[in-house]
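Chemist: I'd like to ask you about the structure that follows.
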Amino acid sequence: MKNTIKWGILGTGWIARKFADALQVADNCELYAVGSRTNESAFQFAADYHLNVAYGSYEELVKDPQVDVVYIATPHNLHLENTLLALDNGKHVLCEKPMGVNEQEVTRMIAKAKEKNLFLMEALWSRFLPHIIKTRELVETGAIGNVNLLTATFCIRSENGPEHRHYNLDLCGGTVLDIGIYNIFLSLFLFGKPDNVSATATLSDQGVDTNCSYSFTYPDNKLSVMYSSFLANPEVVAEIHGTEGKISLEHLWFCPGKITLTRKNGSEEVISFDIKKNGYEFEAEEVARCILNGQTESNLWSHNDSLLLVSTMDDIRKKCGIVYPHHDL
């Protein structure tokens, strides 16, 4: 019985390298091949990771019969096209977040995966990190009493030019899809679908959001208040407050890290977690587990989870006037 899946990485940028690093230690995973738009980029990546198989086109990668699953590591605007290419060639897919630019794209990707009876999952790596899983466990078991407030920020000072993916409308730039998605995920993961979404943003000359704030209200008097920015000083923190205390996720909370449980009496408990590499191994291992078990989606981050996430981002963008002309038809 097969117990290892062979990965092909589509793309050679920063995130592709992070994922390739993680595959070195991920259980039941083998990094087998890479595909890029140029031979030069593919061959350099292959040399860096001691791969024997490298392709100067995406088409060649997805047609390799040895590749079981493809990790889509390209910019947002290419996720739909690249995912459909892989699925049409019989490959399981892990697509970097956001899976699609809007709900329409994600729906098409899911429909294609179901048509082909293939596995598809959004690579929202934070969902699989031990400290995020522990945070939900603490919330659900009443460790801080009745939860009433979540605050989350994701601010990075991006000094890139207008052609960079952060600010480029054609590349579906802006904070919501790139970094705000983590804040939104955390609220949905902990509290579920909100009753109401409010949002406001400042837009660049191109029309991408450079600052965005959004808040969710829930039926049991819970509130999530969040913001993301490419202009503010770096701050990436989150806290969940309850009647009996709070849970604090340290700076860069979307990455592997510690959480602090502060109880009403002022006592603190710091909880640490072990990782094998950089944290991306957890999502890779979930993909391997699902494929080896014959599943076409994960029950930890399902198709419906991705649909709720993207539809919530669609709602935020609509309220803020953020439109991607080549995608929002």
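Readers should treat all values here as calculations from the given coordinates under stated rules, not as data from a laboratory. Quick caveat: nothing in here was measured; it's all calculated off a predicted structure. As a convention, Cβ positions derive from the backbone with ideal geometry for all residues, glycine included, and neighbour counts pool all protein chains shown.
Chemist: Taking the Cα centre of the range 93-237 as origin, sum charge times position over the Cβ atoms of Lys and Arg (+1) and Asp and Glu (-1), and report the length of that vector in debye to the nearest 20.
Modeler: It comes to approximately 480 debye.
Chemist: Suppose a student asked you for the relative contact order of the range 231-329, using Cα pairs under 8 Å spaced at least 6 residues apart; what percent would you report?
Modeler: It rounds to 13 percent for the range 231-329.
Chemist: Could you work out the relative contact order of the range 1-145? I mean the mean sequence separation of Cα pairs under 8 Å and 6+ apart, divided by the number of residues, in percent.
Modeler: Normalised by residue count, the contact order of the range 1-145 is 18 percent.
Chemist: Sticking with this one: Are any of the pairs K97/K246; K112/K277; K97/K318; K63/K277 more than 22 Å apart by Cα-Cα distance, and if so, which?
Modeler: K97/K246; K112/K277; K63/K277
Chemist: Would you mind working out the magnitude of the charge dipole of the chain relative to its Cα centre, with +1 at each Lys and Arg C-beta and -1 at each Asp and Glu C-beta, to the nearest 20 Debye?
Modeler: 380
Chemist: Per 0.36 nm of contour for each residue apart, how much would the distance between N160 and N233 grow if the chain were fully extended, relative to their Cα-Cα spacing?
Modeler: 24.8 nm
Chemist: Another question, if that's okay. With charges set only on the Cβ (+1 for Lys and Arg, -1 for Asp and Glu), what does the dipole of the range 1-160 come to about its Cα centre, in debye to the nearest 20?
Modeler: The dipole of the range 1-160 has a size of about 260 debye.
Chemist: Continuing with this model, one more query. Find the relative contact order for the chain and round it to a whole percent, using C-alpha pairs within less than 8 Å whose residues are 6+ positions apart.
Modeler: 19
Chemist: When all alpha-carbon pairs of the chain are counted, what percent fall beyond 26 Å?
Modeler: The calculated P(r) of the chain puts 48 percent of pairs beyond 26 Å.
Chemist: Positive end of the dipole of the chain, charges at C-beta (+1 Lys, Arg; -1 Asp, Glu), about the Cα centre: which of S126, A201, Y324 has its Cα farthest in that direction?
Modeler: Of the options given, the answer is S126.
Chemist: What are the ³J(HN,Hα) couplings of the range 42-49, residue after residue, when phi is run through the Karplus curve with 6.51, -1.76, 1.60 and θ = phi - 60°? Round to Hz, x for glycine and proline.
Modeler: These are the phi-based 3J(HN,Hα) values: 5, 5, 5, 4, 4, 5, 5, 10 Hz.
Chemist: Can you compute log10 of I(q)/I(0) for the range 49-105 with the Debye formula, treating each Cα as one identical point scatterer, at q = 0.19, 0.21, 0.23, 0.27 Å⁻¹?
Modeler: Those come out to -0.66, -0.79, -0.91, -1.15, one per q.
Chemist: What are the lysines whose alpha-carbon lies under 18 Å from the alpha-carbon of K276, with same-chain residues fewer than 8 places away excluded?
Modeler: Here the lysines satisfying the reach criterion relative to K276 are K18, K134, K258.
Chemist: Towards the positive end of the charge dipole of the chain, with charges on Cβ (+1 Lys, Arg; -1 Asp, Glu), say which of L80, N233, S187 has the farthest Cα.
Modeler: S187
Chemist: Here's another thing I want to ask about it. Hey, could you pull the Cα Rg and Dmax for the range 256-329, both in Å?
Modeler: 19.0, 54
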